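Read the figures in this text as sums done on the coordinates, not as results from a lab. This is a predicted model, so every value here is computed, not measured. Virtual Cβ from ideal backbone geometry, glycine too; neighbours counted across all protein chains shown.
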Amino acid sequence: MTRAAEKREVRCYSGAATGLTEETLNFAHFRAVTSASGSASHDLDDGSIRRDAVDWAVTQLCIGTVDWAQIPLRPGDATLRQIRSLSRRASNWDTHGAVAVDSGGIENAQSWLRKAIEAVGEKQWAEPLVTASADGDVVLEWWGAGQKKLTIYVAAQLVEYVRVWGKDIHEEMDDGQVEDPASFVSLWQWLHGG
């Protein structure tokens with residue numbers, strides 16, 4: 001069942017009609033309540049849920065229905081989960097001889113992603129397509145207006161980009177290293193029309 005389709009009936013475990021009190025509301029208790037209800041609490045275990053999401057979910061607990069697709073996550077949380085899931089790709093994951101995704105690349109991608117979001121700004125952030133290269137790098141990809149595309153390749157010690165704005169690989173494409181968050185901001189601005 002997809003997260004968007006998941007709805008579970010739950011009971012409010014607080015004596016108060018409005019829900020759990022501030023003193024008793026903590027992530028451990030919230031996880032216990034959601035686990036007792038039979039719902040999927042794995043989305044909460046990595047600390048990605050925000051305070052406003054907890055407030056919303058507690059209200060929903062007292063009403064009786066939790067729609068997990070409505071719980072707001074921080075920008076990048078879905079991408080971080082996808083990056084972590086790349087660790088399950090063993091050698092030959094694509095059946096064409098691809099290298100297993102490097103654990104150092106996964107760690108670097110997670111760290112780099114948080115810095116990139118901070119540099120760009122949470123309100124401007126858009127989640128990328130996440131995949132892996134045949135060489136074992138983490139690949140993040142965004143599309144902009146027209147034919148603009150930005151692809152970031154993250155290895156254990158290196159972050160590189162490929163920027164495309166047309167079909168001609170000699171005249172409408174370039175690449176290089178992403179040295180720091182500021183250099184990513186300029187790529188982001190290019191992608192979004194700046």
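Hey, if you put +1 on the Cβ of every Lys and Arg and -1 on every Asp and Glu Cβ in segment 77-191, which of 98, 147, 83 ends up farthest toward the positive end of that dipole?
83
By per-residue mean of other Cβ atoms within 10 Å, what is the highest-first order of 169-175, 154-160, 101-107?
Answer by packing, highest mean first, reads 101-107, 154-160, 169-175.
Most exposed first by the Cβ proxy, i.e. fewest other Cβ within 10 Å, how do 95, 79 rank?
Least crowded to most crowded, the residues run 95, 79.
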